[in-house]
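Here is the structure we will look at.
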Amino acid sequence: MHRRFGALLDLLFPPVCTVCDAPLAAESGQLQLCPPCRLQLINRKSNGFCRRCGLPYSNSQPMGLKCPSCLRETDLLDRIIPLGTYEGELRRAVIRAKRISERPLAATMAVLLADHLVQTVPAPCADVVIPIPKFWMKRLMHGANSSEVLADVVGRRLKIPVVPTGLVACRKTKKQSLLPVAGRRMNLKGAMRVGSGYDFRGERVLVVDDIMTTGSTAREAARVLYESGVRSVILAVLARATAERRMKMKKQISEVSPWRDREDKA
């Protein structure tokens, strides 16, 4: 609609920045961000990200394919590509983008993520784009799945088919952010399946989500996809939680977590 009636829409509804509401030029297009907000959202304090775990390199650490802790490890995810770290303005924008009223912000950030993918991996990087699913009861409560919005925009921007129901959440799970690592794995076991009628055998899949903390959700999605016969799985996320933030989250839940005793015994 905007491609066909863009000039009229801009006249009736002057474009504004989806982060700070500052007026934008009429030709701003899909990237509804003012220059200062764009700089804040993509301001990376690291020397790149490890392609295996997605964690940022320190400024003193030379950028490579994988960080030292990942050199001898294997992973279900072939590559993790974050737009940035889960802190500052990016963190605040990602939290806002979860709301159904902030769909324009989610779409704008998806454009940033898609453009970052173009710069990071060879095109085409996948045969199909699939969002991390949300259980129907949670969708009903929250009114939206921000991962679907991200996947839709990323797919259209990269000209890759999007399959919104390629993965289905088949049971209710506890909130991942309130659980420790061991609890997260148990929480997600058997919680996803490939959507009925889809055959992804031999396909390269780009999984899209908003935040990655420990990666339990994305790895469970990858496990399910590999069992269906896919060739590779790449994860693209808006924000990657750093070790420091994960430690803060762990400290906040350690005294109240029902999984604490189980994790200590593991």
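The values are calculated or read from the model by the stated rules, or taken from the named source; none is laboratory data. This is a predicted model, so every value here is computed, not measured. Heads up, the Cβs are rebuilt from the backbone with ideal geometry, glycines too, and the neighbour counts pull from every protein chain shown. What goes into the accessible areas is simple: the full protein's heavy atoms, side chains included, and nothing from ligands, DNA or RNA. Shrake-Rupley method; radii C 1.70, N 1.55, O 1.52, S 1.80 Å.
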Give Lys134/Lys174; Lys134/Lys172; Lys98/Lys175; Lys134/Lys159 a once-over and call out the pairs whose C-alpha atoms are over 18 Å from each other.
Lys134/Lys159
Modelled FRET efficiency - R0 22 Å, Arg92 with Lys175, Cβ distances, 0.05 increments:
0.65
By how many nm would the segment from Arg103 to Arg201 grow when fully extended, if each residue of separation counts as 0.36 nm and the alpha-carbon distance is taken off?
32.1 nm
Give me the percent of accessible area attributable to carbon and sulfur for region 124-201, probe 1.4 angstrom.
59
Rounded, prolate or oblate: pick one for region 99-144, where a ≥ b ≥ c are the square roots of the eigenvalues of its C-alpha gyration tensor, a/c under 1.5 means rounded, and failing that, prolate if a/b is larger than b/c, else oblate.
oblate
Given the Cα-Cα distance of Tyr226 and Asp127 and 0.36 nm per residue of separation, how much length would full extension add, in nm?
34.2 nm
Working from the alpha-carbon coordinates of region 137-195, get Rg over Rh, Rh being the Kirkwood radius.
1.03
Sorted largest first, extent of region 92-177 alpha carbons per principal axis (Å):
37, 28, 21
When the expected Rg is taken as 2.2 N^0.38 Å, what fraction or multiple of it is the alpha-carbon Rg of region 162-244?
1.10
Give me the 1.4 Å probe accessible area per residue for region 52-209, excluding ligands and nucleic acids, in Å².
51
For Met141 and Asp21, FRET efficiency with R0 = 35 Å and r from the beta-carbon atoms, rounded to 0.05?
0.80
